[in-house]
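Asker: Next up is a structure, given as structure tokens.
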Amino acid sequence: MRPPRPALLASAALGAAALLLTACAPDAVRSGASSPAATATADGPSPRHVRVIWTEHPDRHAIISWTTMAATARNVVRFDTMSRRDGTRAYSFSVPAARNGEATRRAEDLAIGVPAGWYHHAQLDSLRPSTRYYVAVESDGVLTEERWFLTAPTDDRPFRLLSGGDSRLGGPEPRYAGKAPHVDRQAMNRRMTALFEANPDLLALAHGADWETTADWRHLYWWFEDNDSVRTSDGRLLPMIVSRGNHDEGIGFNEHFWLGDITDANSFGYYYRTQIGPQFALLTLNTEISVAGEQSEWLEEELEALRPTHRWLLAQYHRPAYPAVKDYEALEFKRVRQTWGPLFERFGLDLALESDGHTLKRTVPIRNEQPADDGVVYIGEGGLGVPQRVPDSTRWYLQSPGMSASAHHVWILHVDADSLRAEAIGMDGAVLDRYARAPRPRAVPGGVPR
């Protein structure tokens with residue numbers, strides 16, 4: 001088990017030694033030992049922050065990412081379809097990290113005393129669908145405790161996803177989780193862990209961005225620390241489907257959320273399709289670059305190709321088309337509404353997942369910027385820990401059957417052949433909202449039949 005979060009630090013500066021000692025990874029052991037090995041020292045190459053990233057084909061591919069607090073020469077993921085926890089047999093497969101580097105530290109990081117860290121990413125390919133993979137990460141001979149994850153299916157079985165965004169700190173103080181633990185984020189992580197534990201068919205978290213206050217190392221370090229708790233009691237990890245928001249600008253995001261070929265081809269891209277089974281596709285879009293041009297062309301091509309063959313089409317992105325709090329006429333929202341909205345409507349997007357507003361909302365079905373029974377519903381606005389704002393409940397798109405509220409939340413999506421259901425779950429586990437829809441009529445070339 002990882003140690004409890006350190007108490008409120010008396011000093012405004014966090015020393016490197018204190019950070020290492022309070023956040024060391026006690027589950028790391030020396031690789032190759034036939035009996036329980038010595039725990040790695042706090043200043044050694046102990047791997048930590050092990051996480052699973054899904055991109056386009058999670059039935060056969062995953063990225064395993066982790067951190068070390070020292071430079072390491074050999075970084076490897078060992079994995080198998082059988083548990084090797086007892087140490088009697090070696091893992092059948094291993095793959096070296098494809099990307100390694102020292103985390104960029106800015107002046108603020110150095111001033112506050114944040115120690116150096118190193119990021120590592122390995123790609124696992126040719127995986128089998130709907131299969132448990134047991135993984136242990138090794139850096140310079142130090143091996144983590146075994147964890148496991150489940151690959152996505154290729155058949156049409158029911159499944160669940162979590163959706164939510166804005167897990168960062170907010171307000172003028174505190175803005176650094178090393179000074180004061182981010183208790184609301186930790187509470188929402190406990191809620192997601194409880195949902196993960198209770199729902200074995202829950203596959204991944206679609207994160208709507210604004211992971212932290214900035215993408216600087218002093219902030220992302222503590223996000224990774226808190227995220228270590230999001231796993232089941234038997235060590236199952238929750239894969240993440242990554243999007244990028246306005247607080248995720250900077251080189252740190254590219255360093256720590258590497259998406260393989262997607263970000264190698266376009267380091268600012270972060271838009272792609274995640275295919276889960278034959279009938280479900282999630283399109284992750286990026287509101288922090290041009291929403292027109294290449295991205296809009298890609299979106300149109302994807303929707304046109306997918307709609308005739310897919311029962312469920314969803315999109316996730318950060319800045320909302322129909323904001324519940326911020327200025328409806330602001331350019332950052334109008335451009336999403338006027339560029340992507342017509343494509344969502346033309347091809348009958350089944351649900352749009354939004355963040356940024358720090359509130360809870362579900363719109364009425366919308367077409368041509370007005371209520372319509374066959375329109376697109378927009379849910380979300382970001383409740384994974386950031387302080388919540390009060391929505392403007394007088395806006396036409398938040399009227400009944402829509403809703404809005406000021407409440408931390410995560411959405412759990414239930415996907416099956418007959419319906420797509422979304423429930424907003426509050427920090428205390430209460431169901432704050434429910435929405436369900438049946439599949440749309442299959443599209444014809446040029447859009448959804450009216």
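The values are calculated or read from the model by the stated rules, or taken from the named source; none is laboratory data. These numbers come from a predicted model, not from an experiment. Note that each Cβ is placed from the backbone with ideal geometry, even for glycine, and that neighbours are counted across all protein chains shown.
Asker: Can you find a residue that is of a type in the set (Lys, Arg), surrounded by fewer than 16 Cβ atoms within 10 Å (Cβ to Cβ) and in contact with a strand residue (DSSP E or B) (Cβ under 9 Å, 6 or more places away or on another chain) anywhere in segment 90-105?
Answerer: Among the residues of segment 90-105, not one is of a type in the set (Lys, Arg), surrounded by fewer than 16 Cβ atoms within 10 Å (Cβ to Cβ) and in contact with a strand residue (DSSP E or B) (Cβ under 9 Å, 6 or more places away or on another chain), which makes the answer no.
Asker: Right, next: Looking only at segment 221-279, which residues are touching a Lys or Arg at 6+ places or on another chain (Cβ under 8 Å), more than 24 Å from Thr68 (Cβ to Cβ) and among the hydroxyl-bearing types (Ser, Thr, Tyr)?
Answerer: Tyr270
Asker: Across segment 191-215, which residue is surrounded by the most Cβ atoms within 10 Å (Cβ to Cβ) among those that are assigned to a helix (DSSP H, G or I) and aliphatic (A, V, I, L, M)?
Answerer: Only one residue fits best here, namely Met192.
Asker: Where in segment 237-346 are there helices (runs of 4 or more DSSP H), lying fully within it, with 1 or more residues that are in contact with a helix residue (DSSP H, G or I) (Cβ under 9 Å, 6 or more places away or on another chain), touching a residue at least 12 places away in the same chain (Cβ under 8 Å) and buried (at least 21 other Cβ atoms within 10 Å of the Cβ)? Walk me through it before giving the result.
Answerer: On the way: elements: 251-256, 261-265, 293-306, 331-339, 341-346.
Per the criteria, 251-256, 293-306, 341-346.
Asker: With the requirement that a residue be surrounded by 24 or more Cβ atoms within 10 Å (Cβ to Cβ), assigned to a loop (DSSP other than H, G, I, E, B) and within 22 Å of the chain's Cα centre (by Cα), what does segment 347-376 give you?
Answerer: If the condition is that a residue be surrounded by 24 or more Cβ atoms within 10 Å (Cβ to Cβ), assigned to a loop (DSSP other than H, G, I, E, B) and within 22 Å of the chain's Cα centre (by Cα), then Leu349, Ser355, Asp356, Gly357, His358, Thr359 are the ones that fit.
Asker: Test of understanding: among Asp201, Asp125, which residue is more than 21 Å from Asp228 (Cβ to Cβ) and in the same structural domain as Leu259 (by TED's automatic domain parsing)?
Answerer: The match here is Asp201.
Asker: Quick check on my filter: what residues within segment 254-278 are over 22 Å from Thr131 (Cα atoms) and touching a Leu at 6+ places or on another chain (Cβ under 8 Å)?
Answerer: His256, Tyr270, Tyr271, Tyr272
Asker: Moving on to the next point. For segment 377-403, how many residues meet the condition of being more than 23 Å from the chain's Cα centre (by Cα) and surrounded by 24 or more Cβ atoms within 10 Å (Cβ to Cβ)?
Answerer: Selection size over segment 377-403: 1.
Asker: Taking segment 35-69 only, how many residues are at pLDDT below 95, of a type outside the set (A, V, I, L, M, F, W, C) and either assigned to a loop (DSSP other than H, G, I, E, B) or at positive phi (or both)?
Answerer: The total comes to 7.
Asker: Is there a residue being within 30 Å of Phe159 (Cα to Cα) and among the basic types (Lys, Arg) anywhere in segment 69-77?
Answerer: Taking every residue of segment 69-77 in turn, none turns out to be within 30 Å of Phe159 (Cα to Cα) and among the basic types (Lys, Arg).
Asker: Report, by residue number, each residue of segment 413-423 that is buried (at least 22 other Cβ atoms within 10 Å of the Cβ) and over 15 Å from Ala352 (Cβ atoms).
Answerer: If the condition is that a residue be buried (at least 22 other Cβ atoms within 10 Å of the Cβ) and over 15 Å from Ala352 (Cβ atoms), then Val415 is the only one that fits.
Asker: Do we find that Asp226 is without any contact (Cβ under 8 Å) to a residue 12 or more places away in the chain and assigned to a helix (DSSP H, G or I) in this structure? Even if it seems obvious, please write down each step before you answer.
Answerer: Numbers: without any contact (Cβ under 8 Å) to a residue 12 or more places away in the chain: no; assigned to a helix (DSSP H, G or I): yes.
Against the criterion (without any contact (Cβ under 8 Å) to a residue 12 or more places away in the chain and assigned to a helix (DSSP H, G or I)), Asp226 does not qualify.
Asker: Then there's this: Across segment 123-164, which residue is nearest to Tyr91 (Cα to Cα) among those that are free of Cβ contacts under 8 Å to residues at least 60 places away in the same chain and surrounded by fewer than 24 Cβ atoms within 10 Å (Cβ to Cβ)? Walk me through it before giving the result.
Answerer: Of segment 123-164, the ones free of Cβ contacts under 8 Å to residues at least 60 places away in the same chain are 131-132, 134, 136.
Okay, now just the ones that are also surrounded by fewer than 24 Cβ atoms within 10 Å (Cβ to Cβ), so 131-132, 134.
Details: Thr131: 16, Arg132: 14, Tyr134: 9 Å.
Here the residue is Tyr134.
Asker: If you check Met188 against the conditions, is it assigned to a helix (DSSP H, G or I), more than 26 Å from His57 (Cα to Cα), modelled with pLDDT of 95 or more and not assigned by TED's automatic domain parsing to the domain that holds Arg51?
Answerer: Yes: the conditions hold for Met188.
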